[in-house]
Amino acid sequence: MKHLMKCLCVALILMLAAASAMAEVNLSMVFQYMPSITSVPGTNCVLVESKQDNSLGLYTTAGQSIIPFAYKNVDYLGNGFFSAYDDKDAVDGKTLWTIDGRMIGKQEYGGFNVFSKRWVAAFVVSPEAQSDRKLQDIKVGSKSYQYQRIDLYYVTDEAASVEPVACLDRDAYADAFIHGEYIAITNREKRVSVYDSSFQPVSVELSAAKNPMYKIDKYQLISLLTKSVLGDGYSEVAEANLSDRMLIRATRIALDGTKLTGLMNPDGSVVFPADFELVDLTDKYAVVADLDKNQGLFSLEEGRLIVPCAYSAVVPCDTDLDKYVHNGYVCVEKDGKLGFYDVANDVQSCETKYSKRAVTNIGCSLFFTTLEGDLTVVAGDGEVNTVDADTILATRGDGYLLEAQKGASFGLIDWHGNIVVPINHYKEITVTDDSQAMIRTSTGLQLDAVTR
């Protein structure tokens, strides 16, 4: 009896140890036994191939339909727009879709130009190919054509259906450049006209469509649209078109000659003052540097530095939907060594002591192999763990989920080295850019939604 109780206790201990080694991540199946499931980089979407007719459909990683199964090809155009079509060489038949599942226009377009989340040009293409380069406007497949008509759309989140704000002939449209909610059109005679989001002309004169709608006059920043002074003491002005809005980049010269750039809204309200060098700008953040060249991260939403200017670099990541903040952490570099900053608690959570040449960084995780041969993972919160695997592969996502390989088998671990999916899959596993789903092939191609 004592021997039996001892065996039961040992078994219970082993079960608890195995359970503690598993990450607290829940997986729910969204699709199974699909011919193909492909993650769309830069989005929270996957392309799924139909089992019935091999057509493609576009879905969110949670399984919500965006584009129904109907097309042979789906392309991501950027800024939340997709083009769906059958024949890449056809001069018509291409449809335009928003990421929330709205089809814009009809199946008559040969191509698109996405300027932002709001402005899109859709091109009705003349069926006759052009050999003269001076007459060529757009390339479809391997041939070049002229525009027959240009439909301009200004897309808002509220509209259930979207109609063009303008339909232009070829003479009226040679090129365009957006200025936030405004668009500047260059016609074939190289004259530039500026319009608002309803395509009503505004009284702004630009010598080129890409020139800013602002000027510097005697160090005053002046709006060409309102003729009002928005600020003093600036030497340069430029526009920064983000995906859904425009900001003004106003620059002044410091005493040591450094160009310091501030950001303003179009009405002149200050996002942050011209006290920093502007290193990088995204929809949500600005990487800035002080006069000592130390970098930090400024949140445009919160209006403050969420990482202080104390580092050689704020490290970007192109595998995550968010370029800089991953699972609440920012990778920072100081003197060639990497660590992490916890933006929620406003502290450095992991010391900058890992040589950037010796480690791999994916979002909120670093990993490397020690001299003793141990595969080691460093999480953004500073926790360090050894992983029972041969290597960690170049996973997409925010670094919370990582693909591990042992021998010829694959699985998933979390940023603390805990097993999420056992390392017994014979094919690689894909983590999506939003880290909310994974794709595996052990039971046919399967999409699993992830809940942490």
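The values are calculated or read from the model by the stated rules, or taken from the named source; none is laboratory data. This structure is a prediction, so every number in the text was calculated from the model and none was measured. Positions of Cβ are generated from backbone atoms using ideal geometry, with glycine treated the same way; all protein chains shown enter the neighbour counts. Note: accessible area is taken over every heavy atom of the protein model, side chains too, but ligands, DNA and RNA are not part of it. Shrake-Rupley method; radii C 1.70, N 1.55, O 1.52, S 1.80 Å.
Applying D = kT/(6 pi eta Rh) to region 199-240, where Rh is the Kirkwood radius over alpha-carbon pairs, T corresponds to 37 °C and eta to 0.692 mPa s, the Stokes-Einstein value obtained is 299 µm²/s.
Computed over the chain, relative contact order equals 11 percent, with contacts defined as Cα pairs under 8 Å that lie 6+ residues apart. Measure off, as a whole percent, the carbon and sulfur share of the 1.4 Å-probe accessible area of the chain, all protein chains present. Here it works out to 49 percent. Excluding ligands, DNA and RNA, the accessible surface per residue across the chain is 49 Å² with a 1.4 Å probe.
The spacing between region 270-289 and region 72-95, judged by their C-alpha centroids, is 35 Å. In this simple spin-label model, placing a label point 7 Å from the Cα along the Cα-to-Cβ direction at both Ala238 and Ile216 gives a separation of 1.2 nm. Net charge of the neighbourhood of Asp374, taken over other residues with C-beta under 13 Å away and scored Lys/Arg +1, Asp/Glu -1, is -3.
Note: relative contact order over region 344-452, using C-alpha pairs below 8 Å and six or more positions apart, is 16 percent.
By the gyration tensor of its Cα atoms, with a ≥ b ≥ c the square roots of the eigenvalues, what is the shape of region 142-216: rounded for a/c under 1.5, prolate for a/b over b/c, or oblate? In terms of gyration-tensor shape, oblate. Compute the helix-to-body angle for 2-21: its Cα long axis versus the longest principal axis of the chain, expressed 0 to 90° and rounded to tens. Its long axis makes an angle of about 10 degrees. So, counting K/R as plus one and D/E as minus one, what does the shell of residues with Cβ under 9 Å around Asp414 add up to? Residues near Asp414 contribute 0 overall.
A DSSP coil position with no more than 12 other Cβ atoms inside 10 Å describes the following GluC sites (Glu not before Pro) in region 121-198: Glu128, Glu158, Glu189. If you look at the Cα atoms of region 310-444, you get an Rg and a Dmax of 14.5, 49 Å.
A compact globular protein would have a Cα radius of gyration near 2.2 N^0.38 Å; the ratio found for region 284-387 is 1.05. Across region 287-383, C-alpha contacts under 8 Å between residues 6 or more apart give a mean separation that, scaled by the residue count, equals a relative contact order of 18 percent. Need the C-alpha centroid separation for region 342-374 versus region 311-330, integer Å. The distance from the Cα centre of region 342-374 to that of region 311-330 comes to 13 Å.
Loop-resident chymotrypsin sites (Phe, Trp or Tyr not before Pro) (DSSP state other than H, G, I, E or B) in region 69-170 with no more than 15 further Cβ atoms inside 10 Å of their Cβ are absent.
What is region 59-125 by shape, rounded, prolate or oblate, if you read a ≥ b ≥ c off the alpha carbon gyration tensor as root eigenvalues and call it rounded for a/c under 1.5, prolate for a/b larger than b/c, and oblate otherwise? It is oblate, given that a/c is not under 1.5 and a/b is not larger than b/c. For region 78-193, the C-alpha radius of gyration divided by 2.2 N^0.38 Å, with N the number of residues, is 1.04. Charges were assigned to the Cβ only: +1 to each Lys and Arg, -1 to each Asp and Glu. The resulting dipole of region 282-397 about its Cα centre is roughly 360 debye. Cross-link partners for Lys215 among the lysines, with Cα-Cα distance under 19 Å and sequence neighbours closer than 8 places in the same chain left out: Lys227, Lys259. Computed over the chain, the alpha-carbon pair-distance distribution with 10 angstrom bins reads 4, 16, 22, 23, 20, 10, 3, 1, 1, 0, each value a whole percent. Among the trypsin sites (Lys or Arg not before Pro) in region 172-267, those placed in a DSSP loop whose Cβ has at most 13 other Cβ atoms within 10 Å are Arg188, Lys190, Arg191, Lys218, Lys227. Note on the chain: helix-only mean residue ellipticity at 222 nm, from DSSP H runs of 4+ residues weighted -39500 (n - 2.57) and normalised by residue number, equals -1500 deg cm²/dmol.
Two numbers describe the Cα atoms of region 388-452: Rg and Dmax, which are 10.6, 29 Å.
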